[in-house]
Number of protein chains: 2
Amino acid sequence: MPNELNVPSRTLMSPGPVEVHPNVLKAMTTPILGQFDPNFLAIMDETKEMIKQPFDTQNEQAFAVDGTSRSAIEAALIALVDPGDKVLIPAFGRFAYLLGEICERAQAEVKFLEKDWESSFDQNDVIEAIKEYQPKVVAMIHGETANGQMQELDEIGSYCQNNDIFLMVDMVATYGGVPIHVDDWGIDIAVAGTQKCVSVPAGMALVTYNKRVEKLLDARYQKELGLGDDERSNDPITSNYLDLSQLQRYWNEERINHHTEATTMVYALHEGLRVLINEGLENVYARHSQNNQALIAGIQAMGLEIYGDLNSKMPTVTPVKIPTEAEDDKVRDLLLNQFGVEIASSFGDLKGKVWRIGNMGYSSRHENVLHVLAALEGVLSYYGVDIHKGEGVKAALAVYMDK
Amino acid sequence: MPNELNVPSRTLMSPGPVEVHPNVLKAMTTPILGQFDPNFLAIMDETKEMIKQPFDTQNEQAFAVDGTSRSAIEAALIALVDPGDKVLIPAFGRFAYLLGEICERAQAEVKFLEKDWESSFDQNDVIEAIKEYQPKVVAMIHGETANGQMQELDEIGSYCQNNDIFLMVDMVATYGGVPIHVDDWGIDIAVAGTQKCVSVPAGMALVTYNKRVEKLLDARYQKELGLGDDERSNDPITSNYLDLSQLQRYWNEERINHHTEATTMVYALHEGLRVLINEGLENVYARHSQNNQALIAGIQAMGLEIYGDLNSKMPTVTPVKIPTEAEDDKVRDLLLNQFGVEIASSFGDLKGKVWRIGNMGYSSRHENVLHVLAALEGVLSYYGVDIHKGEGVKAALAVYMDK
């Protein structure tokens, strides 16, 4: 007989997946509707409208892709890129290279603008690189979970809009936790996920795009064989599954037959967004900001150091330099196995040197922040690392009680 | 304030999505684990082993793709196909053309072997076409939901194995409802879904493949930029998201960082497969077969006709010819809005001519079969269609009571 699910209690303080909101878990027990049931279509329509709010966009197109965050990242990039097209990717962390990987597989000519990971870019440096490389597309990360840095985008976006360049931005780690202004910042196509600040399980991705992208997609639309061979394109998107021109026509009134929508994940997303909107986005951002302050205060009071430029740090991720006396794996194992607390290691050069503590969605709560600080102190003390005992929790609590 | 979810009661008797098993709905409320939490990795490992059972395979590779069924169909095809490769697609229904659509976008040279939709192929006809076209890949549908026909595969598979041709089969509509023998039939790579006979919501797809495919994938593996640039391939798969060579290394011991696994859908899949295996696959197939007999008996006793060759009809879908006096949409609307019963229309030439009644997974129950027959009689009577009143339910009941 196969085992039953065996799931211990966890306080999830990695940068995703985070704890799912209890109302979302409940929504996921809702029975299935057929994919073209009018009641389900109404739920899809409501979801589309709610997706737009944390993006702060008036775009007509906003919907979900049935896959994890990177499915929509790929969908967005392959919508814009043809073989040989020039793509500029400013990289201040690991996930920029994922954008490059996807574009290289799509046979674009990728140029990375690289810098150290301790801060994000001065927007002028990116604009200068755009002027020099003259790309068709600029693809960037808004918040880099690998190193906790966040990029300013308004001037880059404005330059792209004025020079007929497409700007694609990955907002997976900031959507719903940090104020975002897709329209004001001049972003053509933006992507987000569900497993971070929306407090929904991984497995669905969000995308919104403007009329410029819509026009480009219209030219590439190709009706699927099996529905008819009367609408072929000279330049169809290479993927059928990740073809935004078809997905758009499935989520819109046309309702073309494409995939079978992931009913329960739509229920979850609908409820996750509803919870955010009912809390009020300003309140949501203030909560993340306050918990970020408490985390920073706690980590610093403990005598640990935050990695990277604090001025451009994401409120949703706090990278902590691992003290030389501590062993990365041992500390995280003890946190997980004795305290039920999960934090994350990092990537590339930062692996073994930086822990990443998340502060996202339903996991962004006072008790979680206090619990992770207390647990970290306990583990470091146990391993004989020299920290200021008792100071971390106290400093975080002071942030909460002052308000 | 956004609306709460509004989901009326439904009896889902379309060919998918079907009703989710109550134990699966409960499993989906289980809190999230981190993607590399040892407890979650154990659940993934258990899931892999369970996936293999309805495929009846000893393949080492069997795992889930985070997307709806067609995500794994595309992943399987783009793993096998390079631009210019010859692919033969025997088509006896709508979904064969989806395989072609995907291969054409991947710039394969696609040849369809076409026939009417009333039956599946004589295997010799397919083998003759293979001999003539000499393809690298043969891609086929096992059970065509569009017209309810099922294809025999053992001789085709045996020919492909002996002639170094890859056989890819879409088993989305039969997996878990009909006996399948991937190894014995000589199938190189097979794909299934969750939203049909596994009684799990849509949003995840299953794939298994043999050593021949694994070898081909090993040659195409390319480590993702962001994890390092030391393992590049001359022939990487065009998609990063749907790259089976990476997914395999994420689901296996290597545990490379790729996407963030769709935790809750894995829970659901784990529970859905566990329910099937605990019922006993032979019992599951017998249940589907009996409900199929009852449905056929009921439809015929009512005076309606089944579309296509009964000898090759899938047990999981029953296509019913729409009586000339009945209007497709009006009948289905009344079924849905008055009885809460969903059945489906069809595609292409069969649209408006055939209804499709599903018999899959948790929806494959006596009460659902009896309810759909009673409801259909009620609606047809209401619209003045000449049927044998009272005979449909009686004939179905006789099937159940005889046993």
* If a residue has to be over 20 Å from B:Ile322 (Cα atoms) and open to solvent by less than 10 Å² (accessible area, probe 1.4 Å) to count, how many in the range B:355-366 make the cut? -> 4
* Asked: Right, B:Arg232: farther than 28 Å from B:Phe121 by Cα and out of contact with any Lys or Arg (no Cβ under 8 Å at 6 or more places or on another chain) or not?
  -> no
* What number of residues within the range A:93-138 are among the small types (Gly, Ala, Ser) and either within 13 Å of another protein chain (Cβ to nearest Cβ) or free of Cβ contacts under 8 Å to residues at least 40 places away in the same chain (or both)? -> 5
* Asked: What is the number of the single condition among (1) farther than 25 Å from A:Lys136 by Cα; (2) buried (at least 24 other Cβ atoms within 10 Å of the Cβ); (3) in contact with a helix residue (DSSP H, G or I) (Cβ under 6 Å, 6 or more places away or on another chain) that A:Met168 does not meet?
  -> (1)
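Can you tell me how many residues within the range B:177-208 are within 30 Å of B:Asp164 (Cβ to Cβ) and in contact with a strand residue (DSSP E or B) (Cβ under 9 Å, 6 or more places away or on another chain)? Explain how you work it out, then say what you get.
Kept after step one, since they are within 30 Å of B:Asp164 (Cβ to Cβ), are these residues of the range B:177-208: B:178-193, B:205-208.
If we keep only those that are in contact with a strand residue (DSSP E or B) (Cβ under 9 Å, 6 or more places away or on another chain) too, we end up with B:178, B:180, B:182, B:185-193, B:205-208.
Summing the residues that are within 30 Å of B:Asp164 (Cβ to Cβ) and in contact with a strand residue (DSSP E or B) (Cβ under 9 Å, 6 or more places away or on another chain) in the range B:177-208 gives 16.
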* To do: Report yes if A:Arg212 is in contact (Cβ under 8 Å) with a residue 12 or more places away in the chain, of a type in the set (D, E, K, R) and surrounded by fewer than 21 Cβ atoms within 10 Å (Cβ to Cβ), otherwise no.
  => yes
* Asked: Which of the residues that make up the range A:330-354 are open to solvent by 20 Å² or more (accessible area, probe 1.4 Å), in contact with a Ser or Thr (Cβ under 8 Å, 6 or more places away or on another chain) and under 21 Å from B:Arg255 (Cα atoms)?
  -> A:Arg332, A:Glu342, A:Lys351, A:Gly352, A:Lys353
* Asked: Taking into account only those residues within the range A:126-154 that are open to solvent by 10 Å² or more (accessible area, probe 1.4 Å) and among the hydrophobic types (A, V, I, L, M, F, W, C), which is nearest to A:Lys321 (Cα to Cα)?
  -> A:Met150
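What residue, of B:Ala96, B:Ala42, B:Ala62, is within 30 Å of B:Asn257 (Cβ to Cβ) and either out of contact with any Lys or Arg (no Cβ under 7 Å at 6 or more places or on another chain) or assigned by TED's automatic domain parsing to the domain that holds B:His288 (or both)? Reasoning before the result, please.
Details: B:Ala96 fails: within 30 Å of B:Asn257 (Cβ to Cβ); B:Ala62 fails: either out of contact with any Lys or Arg (no Cβ under 7 Å at 6 or more places or on another chain) or assigned by TED's automatic domain parsing to the domain that holds B:His288 (or both).
Result: B:Ala42 is the single residue among B:Ala96, B:Ala42, B:Ala62 that is within 30 Å of B:Asn257 (Cβ to Cβ) and either out of contact with any Lys or Arg (no Cβ under 7 Å at 6 or more places or on another chain) or assigned by TED's automatic domain parsing to the domain that holds B:His288 (or both).
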* **Of the criteria (1) touching a residue at least 12 places away in the same chain (Cβ under 8 Å); (2) open to solvent by 10 Å² or more (accessible area, probe 1.4 Å); (3) at the interface with another protein chain (Cβ under 7 Å from one of its Cβ atoms), which one A:Pro17 fails** => (2)
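So that you can scan it fast, the table gives a plain yes or no per residue for (1) away from chain A (no Cβ under 12 Å); (2) in contact (Cβ under 8 Å) with a residue 24 or more places away in the chain; (3) touching a Cys at 6+ places or on another chain (Cβ under 8 Å):
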residue: B:Gln35; (1), (2), (3): no, yes, no
residue: B:Pro38; (1), (2), (3): no, no, no
residue: B:Lys48; (1), (2), (3): no, yes, no
residue: B:Gln53; (1), (2), (3): no, yes, no
residue: B:Thr57; (1), (2), (3): yes, yes, no
* Asked: Any idea which residue in the range B:367-403 is least open to solvent (accessible area, probe 1.4 Å), counting only those that are part of a helix (DSSP H, G or I) and hydroxyl-bearing (Ser, Thr, Tyr)?
  -> B:Tyr400
* With B:Val266, B:Val200 as the choices, which residue is over 23 Å from B:Pro90 (Cβ atoms), surrounded by 24 or more Cβ atoms within 10 Å (Cβ to Cβ), in contact (Cβ under 8 Å) with a residue 12 or more places away in the chain and touching a Gly at 6+ places or on another chain (Cβ under 8 Å)? -> B:Val200
* Just for the range A:50-70: of the residues that are touching a helix residue (DSSP H, G or I) at 6+ places or on another chain (Cβ under 9 Å) and of a type in the set (D, E, K, R), which one is nearest to A:Gln248 (Cα to Cα)? -> A:Glu60
* Filter the range A:195-238 for residues that are outside any loop (DSSP other than H, G, I, E, B), away from chain B (no Cβ under 13 Å) and closer than 30 Å to B:Ala27 by Cα and give the result. => A:Leu206, A:Val207
* To do: Select from the range A:103-125 the residues that are among the aromatic types (Phe, Trp, Tyr) and in a loop (DSSP other than H, G, I, E, B) and write down the one among them that is nearest to A:Leu88 (Cα to Cα).
  => A:Phe121
* Structure fact -> When the range A:122-132 is checked residue by residue, the ones that are touching an Asp or Glu at 6+ places or on another chain (Cβ under 9 Å) and under 23 Å from A:Ala76 (Cα atoms) are A:Gln123, A:Val126, A:Ile127
* **Leading residue by the ranking (least open to solvent (accessible area, probe 1.4 Å)) among those in the range B:239-249 that are free of Cβ contacts under 8 Å to residues at least 40 places away in the same chain and part of a helix (DSSP H, G or I)** => B:Gln246
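Looking only at residues that are part of a strand (DSSP E or B) and away from chain B (no Cβ under 13 Å) in the range A:307-345, which one is nearest to A:Tyr175 (Cα to Cα)?
So, considering only residues that are part of a strand (DSSP E or B) and away from chain B (no Cβ under 13 Å), the one nearest to A:Tyr175 (Cα to Cα) is A:Val317.
I want to confirm something. Restricting to the range B:1-14 and keeping residues that are in contact (Cβ under 8 Å) with a residue 40 or more places away in the chain and within 7 Å of chain A (Cβ to nearest Cβ), which single residue is surrounded by the fewest Cβ atoms within 10 Å (Cβ to Cβ)?
Here is the first cut: in the range B:1-14, the residues in contact (Cβ under 8 Å) with a residue 40 or more places away in the chain are B:8-14.
With the extra rule that they be within 7 Å of chain A (Cβ to nearest Cβ), the set shrinks to B:8, B:10, B:12, B:14.
Values: B:Pro8: 12, B:Arg10: 20, B:Leu12: 27, B:Ser14: 25.
Restricting to residues being in contact (Cβ under 8 Å) with a residue 40 or more places away in the chain and within 7 Å of chain A (Cβ to nearest Cβ), the top hit is B:Pro8.
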* Asked: So is B:Leu25 at the interface with chain A (Cβ under 7 Å from one of its Cβ atoms), outside any loop (DSSP other than H, G, I, E, B) and at negative phi or not?
  -> yes
* Asked: Among the residues of the range A:69-78, is any open to solvent by less than 20 Å² (accessible area, probe 1.4 Å), under 20 Å from A:Ile156 (Cβ atoms) and more than 10 Å from chain B (Cβ to nearest Cβ)?
  -> yes
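Under the condition of being buried (at least 16 other Cβ atoms within 10 Å of the Cβ) and not small (Gly, Ala, Ser), which residue from the range B:81-92 is nearest to the other protein chains (Cβ to nearest Cβ)? First the steps, then the outcome.
Of the residues in the range B:81-92, the ones buried (at least 16 other Cβ atoms within 10 Å of the Cβ) are B:81, B:85-92.
Then drop every residue that is not not small (Gly, Ala, Ser), which leaves B:81, B:85-90, B:92.
Numbers: B:Val81: 12, B:Asp85: 15, B:Lys86: 17, B:Val87: 13, B:Leu88: 15, B:Ile89: 10, B:Pro90: 14, B:Phe92: 12 Å.
Ranking the qualifying residues of the range B:81-92, first place goes to B:Ile89.
The values are calculated or read from the model by the stated rules, or taken from the named source; none is laboratory data. Treat the numbers as computed from the prediction; the structure is a model and nothing was measured. Neighbour counts are summed over all protein chains in view; Cβ atoms, including those assigned to glycine, are modelled from backbone coordinates with ideal geometry. The protein model used for the area step is the full one, side chains on, heavy atoms only, and it has no ligands, DNA or RNA in it. Shrake-Rupley method; radii C 1.70, N 1.55, O 1.52, S 1.80 Å.
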